[in-house]
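Have a look at the structure below, then the notes.
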Amino acid sequence: MNTRITAVGLIATALLSITACSSSDDSAKNDAKPKPSATAHDLTQQQKDEIARKAGMPPRPTGETRQQLLDALKQTAPDVVRYEDKAVDAARNQCSAINGEGVKRIDWLAAQRFTYKDVTTTEAQGKQINATLKRIGFCKV
């Protein structure tokens, strides 16, 4: 469900790993042990938030904004809010598809993201969820 963030994190890690490589002919430098490169765990919260924003994901809602999101989802597909934290995460992840260019089968993606544990979401419900997320402006980043 966090595939876009995971992909961005892996790409960032790979890029950091590549920049740690050196092609110097200096034998003194080659004898030195390489320093470990930064990983996704080394990123600050601000850096993680910026990566998420670039991936089209809004910040994690809190307080009244979170409750408005949950209420809107409950009106659209009542079962998806049975696990509130999962519903919020699914909504944020779905925004990456809504805000992405050329994303195919967006309703199917919503159905997959909002299916967890004992909650099953249909593609028709996924379409309604997408419409709700757009209508309430949740996915604006």
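Throughout, read-outs are computed from the coordinates displayed, never taken from laboratory work. What you see is a predicted model; the values in this text were computed from it and never measured. Backbone-built Cβ (ideal geometry, glycine too); neighbour counts: all protein chains shown.
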- Task: Give the Rg (one decimal place) followed by the Dmax (whole number) of region 79-141, computed from C-alpha coordinates and expressed in Å.
- Result: 10.7, 31
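If you place +1 on the Cβ of every Lys and Arg and -1 on the Cβ of every Asp and Glu, how big does the dipole about the Cα centre of region 66-141 come out, in debye to the nearest 20?
So the dipole magnitude of region 66-141 works out to roughly 160 debye.
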- Message: As I understand it, the dipole of region 47-131 uses +1 on the Cβ of Lys and Arg and -1 on the Cβ of Asp and Glu, about the Cα centre. Which of 111, 126, 56 lies farthest toward its positive end?
- Response: 56
- Message: Run the numbers for residue 68 and residue 134: contour at 0.36 nm per residue of separation, minus the present Cα-Cα distance, in nm.
- Response: 22.4 nm
- Message: What distance in nm separates the two pseudo spin-label positions at residue 75 and residue 50, each 7 Å out from Cα along the beta-carbon direction?
- Response: 3.7
- May I ask you to compute the full-extension gain from residue 103 to residue 83, defined as 0.36 nm times their residue separation minus their alpha-carbon distance, rounded to one decimal in nm? 4.6 nm
